[in-house]
Amino acid sequence: MKQAKEVRVEALLSAAVEEFLQKGYDGASIDGIARRAGMSKGGFYHHFPNKEVLLMEANRKLSEPIVAMAEQAYADESPLHGLSRYIEQYITYWAEHPKELSFFFLSMSKALQSEILMDYYKEYVNASTDFFTGMFQKAATAGEAQISDPEAYGITLMGALDGVLTYSIIHPEVDPKLLAERVGKIWIDHK
């Protein structure tokens, strides 16, 4: 029974991504999402109370690979090596998943208009910033880097990576591994 529910929720999340990307958030309908998922509108409401929560949950699902990358980086014996690998994986992942990246940016734009979605993005930004700050603090403690303000490094790396993603959308001809290498030289090699 639980597996069937997970399959239905997964179908709704996938359908939502497709519907939102094709029609935009405002043009997407619960009926359309339910139809794409092969279920009724009632089936939709059995799992999600509204489009906002579905958008939020779809983002959580799409963020799972990023969370796994962060966990792997944190477990690395060398914090700077872990961060370097994370930067490469992060940029490469999004370059290889443009549909998901478009969905991420669509969701961010909706967060500016919705308190529920903004709360989700605050949680995301805070968790990401805490991860980067912790990694820079670990590097300083391990003697790998001289960093007097790990939080400043964490905040600015968080913002820089999202800026690099924007750049990669505008310049898809640029090799993501080259971008990651260049970002790594600035944030990791110069510590």
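Just so you know, all these numbers are worked out from the coordinates, no wet-lab data involved. Note that the coordinates shown come from a computational prediction; the quantities given were computed from them, not determined experimentally. Using ideal geometry, Cβ is built from the backbone for each residue, glycine included, and neighbour counts are taken over all protein chains shown.
With a/c under 1.5 counting as rounded, go ahead and sort the range 120-174 into rounded, prolate or oblate using the C-alpha gyration tensor (a ≥ b ≥ c being the square roots of the eigenvalues; past the cut-off, prolate if a/b is larger than b/c, else oblate). Present the calculation step by step, with values, prior to reporting the outcome.
Values: a/c = 3.31, a/b = 1.63, b/c = 2.03.
Oblate.
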Completion exercise
If one compares the long axis through the Cα atoms of helix 115-141 with the longest principal axis of the Cα atoms of the chain, the angle in degrees, nearest 10, works out at 20
Exercise for the section: May I ask for the percentage of alpha-carbon pairs in the range 146-191 that lie more than 17 Å from each other? Expected result: 36
Problem - Sequence of V164, V67 once ranked by neighbouring C-beta atoms within 10 Å, starting from the fewest - result: V67, V164
Problem - Rg in Å to one decimal, and Dmax rounded to a whole Å, for the range 1-109 via C-alpha atoms - result: 16.3, 50
Exercise for the section: Any chance you could check the Cα centroid distance between the range 140-173 and the range 32-76 for me, in angstrom? Expected result: 27
Fill in the blank from the handout: Expressed as a percent, the portion of alpha-carbon pairs in the range 51-189 spaced more than 22 Å apart is 38
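If I stretch the segment between M108 and S40 completely, what's the gain in nm (0.36 nm per residue apart, minus their alpha carbon distance), one decimal? Working shown, then result.
Working: separation 68, 0.36 × 68 = 24.48 nm, distance 2.80 nm.
Length difference between fully extended and current span is 21.7 nm.
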Practice task
State, to one decimal in nm, how far the label point of N126 lies from the label point of A142, with both points 7 Å from Cα in the Cβ direction.
Solution key: 2.7
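Would you mind checking the pairs K138/K185; K138/K177; K23/K122; K23/K185; K51/K177; K51/K138 and listing those with alpha carbons more than 29 angstrom apart? Please list the in-between numbers first.
On the way: K138/K185 19 Å; K138/K177 25 Å; K23/K122 26 Å; K23/K185 39 Å; K51/K177 35 Å; K51/K138 40 Å.
Violating the 29 Å limit, Cα to Cα: K23/K185; K51/K177; K51/K138.
Suppose R0 equals 22 Å. What FRET efficiency, 1/(1 + (r/R0)^6) with r the Cβ-Cβ distance, do K61 and Q22 give to the nearest 0.05?
Numbers: r = 18 Å, r/R0 = 0.83.
So the FRET efficiency works out to roughly 0.75.
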